[in-house]
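Novice: One structure, pasted below without further comment.
FYI, it's all coordinate maths here, none of it is from the lab. These numbers come from a predicted model, not from an experiment. Cβ sites come from the backbone with ideal geometry, for glycine too, and all protein chains shown count toward neighbours.
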Amino acid sequence: MGVVAGRMVVLVSGSGSNMEALADACGRGEVDAGVVAVVADRDCVGLKAADSRGLQIALLEPAGFDSREQWSEALRDLVAGYEPDLVVSAGFMRILAPPFVDAFYGRLINLHPSLLPAFAGAHAVREALEYGVKVTGSTVHFVDRQVDHGPIIMQKPVPVRAGDDEETLHQRIKALEHRLLPEVCRLWFQGRIHLQGRRVEIQER
Ligand code: GRF
């Protein structure tokens, strides 16, 4: 592999399958970047998976801090220390507070398992099912100060099937996300994603 051009830090809290898909895509040379560190807010499968791959890992639990603000500042400093070009929140189950968001605005993206602005929040898949939508999906967006709200970069649909439960639907959404997230990162490192206010333009080749 040649010299890695771009540096990504991935934030995880859960199984980390999207982090793994992204690292795999980098390994195949599909994204002109590498995952320089994986950071978690809790001990989780994703952190162990990153460790087994030989990626640099860090765990920063909010419990050690007096306030969410202080933890966010520590997280900001930790992540900044890896000098990332792009910070990827992929299944990070903690709200990123202003000190963090402001430090990385425009190079901080989040993956969310619904077609935003529908079903923002931590239970997007369950709520989409309960609402009875026929199509849901996944969104990659820039993170701003409001939860699941920032400028949308790319969205892909997933049909809801009769008989779906939260798990089967989420598995199909994740299968889609494993292609969607690396695709957005690929475009980002090609300099083809342009943020203009709330709108994002993806430059044709
Ligand atoms: C993904 O569905 C993502 O959209 C959501 O959390 C899930 C993370 O899955 N924010 P994993 O940890 O990457 O397997």
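Novice: Please list 3J(HN,Hα) in residue order for the range 16-26, calculated via the Karplus relation 6.51 cos²θ - 1.76 cosθ + 1.60 where θ = phi - 60°; whole Hz, with x for glycine and proline.
Specialist: x, 5, 6, 4, 5, 4, 5, 4, 5, 4, 5
Novice: Inverting the mean 1/r over all pairs of different Cα atoms, compute the Kirkwood radius of the range 11-138 and quote it in Å.
Specialist: 15.6 Å
Novice: Continuing with the same structure: If the cut-off is a Cα-Cα distance under 21 Å, which lysines reach Lys134, setting aside same-chain residues fewer than 8 apart in sequence?
Specialist: The reachable lysines, counting only those whose Cα sits under 21 Å from Lys134, are Lys156, Lys174.
Novice: Quote to one decimal, in nm, the extra length available between Tyr131 and Ser15 on full extension: 0.36 nm per residue of separation minus the C-alpha distance between them.
Specialist: On the way: separation 116, 0.36 × 116 = 41.76 nm, distance 2.61 nm.
Computed gain between Tyr131 and Ser15 is 39.2 nm.
Novice: Based on other C-beta atoms within 10 Å, arrange Asp164, Asp77 from fewest to most.
Specialist: Values: Asp164 18, Asp77 13.
Placing the least packed residue first, the sequence is Asp77, Asp164.
Novice: Using Cα-Cα distances under 8 Å and only pairs 6 or more residues apart, what relative contact order does the range 1-87 have, in percent?
Specialist: Averaging sequence separation for qualifying contacts and normalising by length gives 34 percent for the range 1-87.
Novice: What is the sum of charges around Tyr105, taking Lys and Arg as +1, Asp and Glu as -1, for the other residues whose C-beta is under 11 Å from the C-beta of Tyr105?
Specialist: That sum, taken over residues with Cβ under 11 Å, equals 0.
Novice: Which whole-number percent of Cα pairs in the range 59-205 have a distance greater than 19 Å?
Specialist: 55 percent
Novice: Rounded to the nearest 500, what is the 222 nm mean residue ellipticity of the chain from helices alone, with -39500 (n - 2.57) per DSSP H run of 4+ residues and division by all residues?
Specialist: Helix contribution divided over all residues of the chain: -10500 deg cm²/dmol.
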